[in-house]
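Notes follow once the structure below has been shown.
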Amino acid sequence: MISSLPVMVLMLEIISKLPPNVVAQCKTVCKEWLDFTSTPILLKAHCDYMRASGDQKLLEAGPLSCKARSLNYKVANYLLPTNISIPFNARPENFLFLATLDGMVCVCLITTWEMFVWNPLTTVFKKLSNSNSQGFYKYNNDAIGFCVDSSSDYSNAHIKRRRGTLAVYVYSMRLSSWRTVCFLKKHAYHHETFNWSPGTLCGDGLYFTVAQYWHLGQKMILRFDVNMTEFSKLRFPDVYGYGNLVVLADIKSELHMLVSPGSKEFGTVSLWKLHDDVWIKLLSYSLKGSMRFPLITSITYYNLSGLCLVMTEWGKFLEVDLRFDELGYFLPFVANSIMVQSIARL
């Protein structure tokens, strides 16, 4: 009977299914509730539930305001936005979204290049920049990855390239401090001819694609083990070709790669999955002249219906159905956007 269950078990089952702003209100009930809602087990249960529910949102930063929209376009009011208050002194047009994980967003301000971690739905934020020049982002030189380790400590990995050198720093949200991590030896990925992608978390690995600009340049995937804090190199699938662009995504806890022909009107779009260190092609289709495929900015897995959503630089979302070789346009959006899940806290 429900009356025989421990109180904490009931709280875990109920509170983990509440919206994040309601969870924040639960903290003010009493000290016992504050301690309970701050435990890693509640945080993990909350994140797992919200991932399964597919409650993903699009965060839009306009000239004067910041808004959140639901990505569940099958409901009647999905286009109705929610205004998001900005807790730090900055205009939304000066935001640069770097990474997102479990409802938290890593942003930098293009006026100062200071980095923050911000939960838009609870308005809580934390400044990562300090007086030792740590936590400052440099556009087109750095790469950021948001991750969480086995102890439920959220961290930001910062690949920092300065004056011909490469260094890796990791910020622990729990400790509120930076530490230095060793990079691969004898690999010169610090050069400006290499383009680094943002990090994609999948399991206990944070994955970056690294590619040289020219046609026959090197292409590789670097994996950062978030528990061992070590880097390793993975092979690239056989998708070499001029103009090919790739983005990574965690789909059902497996690393996937979407490959597009870039800015060309014609070409082939393909989706690959990494299984036992082997890349498997899942689907592939040729683009027609009436269906141009632009430069991709991000891809996410939509849990409610098993779809992939691809956000492009042309102000559109593309829908990729993993069950069929189909592609569809829907949902225009404002530039400078990022997809987030309404979960977690700082």
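Put Met228, Met173 in order of accessible area, highest first, and with a 1.4 Å probe you get Met228, Met173. With each label modelled as a point 7 angstrom along the Cα→C-beta vector, the Ser150-Lys233 pair spans 2.7 nm. With a/c under 1.5 counting as rounded, go ahead and sort region 165-262 into rounded, prolate or oblate using the C-alpha gyration tensor (a ≥ b ≥ c being the square roots of the eigenvalues; past the cut-off, prolate if a/b is larger than b/c, else oblate). Oblate is the answer for region 165-262, as a/c is 1.5 or above yet b/c matches or exceeds a/b.
Report note on the peptides 194-201, 84-91: ranked by the mean count of other C-beta atoms within 10 Å, highest first, their order is 194-201, 84-91.
From most to least packed by mean Cβ count within 10 Å, the peptides 135-145, 27-37 give 135-145, 27-37.
Surface composition of region 75-184: carbon and sulfur make up 50 percent of the accessible area, probe 1.4 Å. Among 153-163, 178-188, the peptide with the highest mean count of other Cβ atoms within 10 Å heads the list, and the full ranking is 153-163, 178-188.
In summary, the lysines within cross-link reach of Lys281, defined as a Cα separation below 23 angstrom excluding same-chain residues under 8 places away, comprise Lys219, Lys233, Lys252, Lys264, Lys273.
The values are calculated or read from the model by the stated rules, or taken from the named source; none is laboratory data. Source: prediction; values computed, not measured. A quick note on method: Cβ atoms are made from the backbone with ideal geometry, for glycine too, and the neighbour counts reach across all protein chains shown. Surface accessibility is based on the protein's heavy atoms, side chains included, excluding ligands, DNA and RNA. Shrake-Rupley method; radii C 1.70, N 1.55, O 1.52, S 1.80 Å.
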